[in-house]
Amino acid sequence: RSNRLRGGWQALNLLRHLRRAYKRHAGQLDLLHCNWLQTMLPAPRKLPVLVTVLGTDMQLLKLPLMPALLRRAMRARPVAICPNADWMEAPLRTLFGKVAHVQTVPFGIDAAWFNLQRRVDFAASRWLVVSRLTRDKLGSLLEWGEPLFKNQLRELHLFGPMQEQIDLPPWLHYHGPATPAQLCETWFPQAHGLITLSRHSEGRPQVMLEAMAAGLPIIASQLPAHADLISHGNTGLLCD
């Protein structure tokens, strides 16, 4: 994440390994399912491809020549591009509509989130953040949250793997990674709401769907992926 030269080399090395794997199994395949657009670049010619597109793919498309390289790879085969959120469909049709079929296919969520019974303790206001810990994913959370949670009755609980070294303040309760079962059975039932102030290129944030299914209010940053899910003032709040 911090060394672009090393990151570029690792990406090329991954594509090289993918090409070998695709060639090794090409004779056994009727269809290749790729997560992320870039993983279809080394696919064998003429083999049909289904591509699942996430939010990070939209950042990838800003790289010089990347849309042209992908269109070239798509012309050699039938291709279906399936973003997991409606907001990505229009730009993908603009870029690839002549060489691929583009159709949104949203991810589903487990029924347990709909069946969750909330047990909110109004004496202790607990808000949750569920995120990978990177600067882009946290966004302005620490600056925004300090006057609201430091030395207050409110509590802010953060869950997720530390993927960048970030100094967390003592008023923030950091629990490390949590399983979906732990969140569903222990934390979501007692939470007052979910906060996500990400600046990261999100596709269709799964944790927001789970929070909405559980009936949790959401405070979210103004991203296309968030605005696609939240009706400001009705199902949550969008903030700059």
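Starting from the amide H of LEU237, placed 1.01 Å from N in the peptide plane, find each other amide H under 5 Å away whose residue is 5 or more places distant or on another chain.
Amide H neighbours of LEU237, under 5 Å, 5+ apart: ILE218, ILE219, ALA220.
For helix 4-25, report the angle its Cα long axis makes with the longest principal axis of the Cα atoms of the chain; keep it between 0 and 90° and round to the nearest 10°.
60
Tell me, what ³J(HN,Hα) does each residue in the range 97-110 have, in order and in whole Hz, if you take phi through Karplus 6.51 cos²θ - 1.76 cosθ + 1.60 with θ = phi - 60° and put x for Gly and Pro?
Per-residue couplings from phi come out as x, 7, 10, 8, 8, 10, 8, 5, 10, x, 6, x, 10, 5 Hz.
Once amide H atoms are placed 1.01 Å from N in the peptide plane, what residues at a sequence separation of 5 or more from TYR174, or on another chain, have their amide H within under 5 Å of its amide H?
HN-HN under 5 Å from TYR174: LEU158.
Taking LYS98 as the anchor, which lysines have their alpha carbon closer than 29 Å to its alpha carbon, excluding any fewer than eight residues away along the same chain?
The qualifying lysines are LYS23, LYS46, LYS62.
Using θ = phi - 60° and the Karplus relation 6.51 cos²θ - 1.76 cosθ + 1.60, list the HN-Hα couplings for the range 41-57 in order, rounded to whole Hz, with x at every Gly or Pro.
Per residue, the Karplus-derived 3J(HN,Hα) values read 4, x, 5, x, 4, 6, 6, x, 10, 10, 10, 8, 10, 10, x, 5, 5 Hz.
As a test of the formula, what do you get for the chain when each DSSP H run with n ≥ 4 contributes -39,500 (n - 2.57) and the sum is divided by the residue count, at 222 nm and rounded to the nearest 500 deg cm²/dmol?
Mean residue ellipticity at 222 nm (helix-derived): -8500 deg cm²/dmol.
Could the peptides 113-124, 194-205 be put in order, highest first, of the mean number of other beta-carbon atoms found within 10 Å of their residues?
In decreasing order of mean packing, 113-124, 194-205 become 194-205, 113-124.
Tell me, in nm to one decimal, what length is gained between ALA80 and ARG119 on full extension, where the rule is 0.36 nm per residue of separation less the Cα-Cα distance?
The span from ALA80 to ARG119 would gain 9.7 nm if fully extended.
From Cα pairs below 8 angstrom and at least 6 apart in sequence, can you work out the relative contact order of the chain, rounded to a whole percent?
It rounds to 16 percent for the chain.
Can you find, among PRO78, LEU156, THR134, the residue farthest towards the positive end of the dipole of the chain? Put +1 on the C-beta of Lys and Arg, -1 on that of Asp and Glu.
In the chain, that residue is PRO78.
At a Förster distance of 45 Å, what's the computed FRET efficiency of GLN103 paired with HIS175, Cβ-Cβ distance as r, to 0.05?
So the FRET efficiency works out to roughly 0.75.
Read the figures in this text as sums done on the coordinates, not as results from a lab. Predicted model only: the values in this text are computed from it and were never measured. All Cβ positions, even for glycine, are placed from backbone atoms using ideal geometry, and neighbour counts span all protein chains on display.
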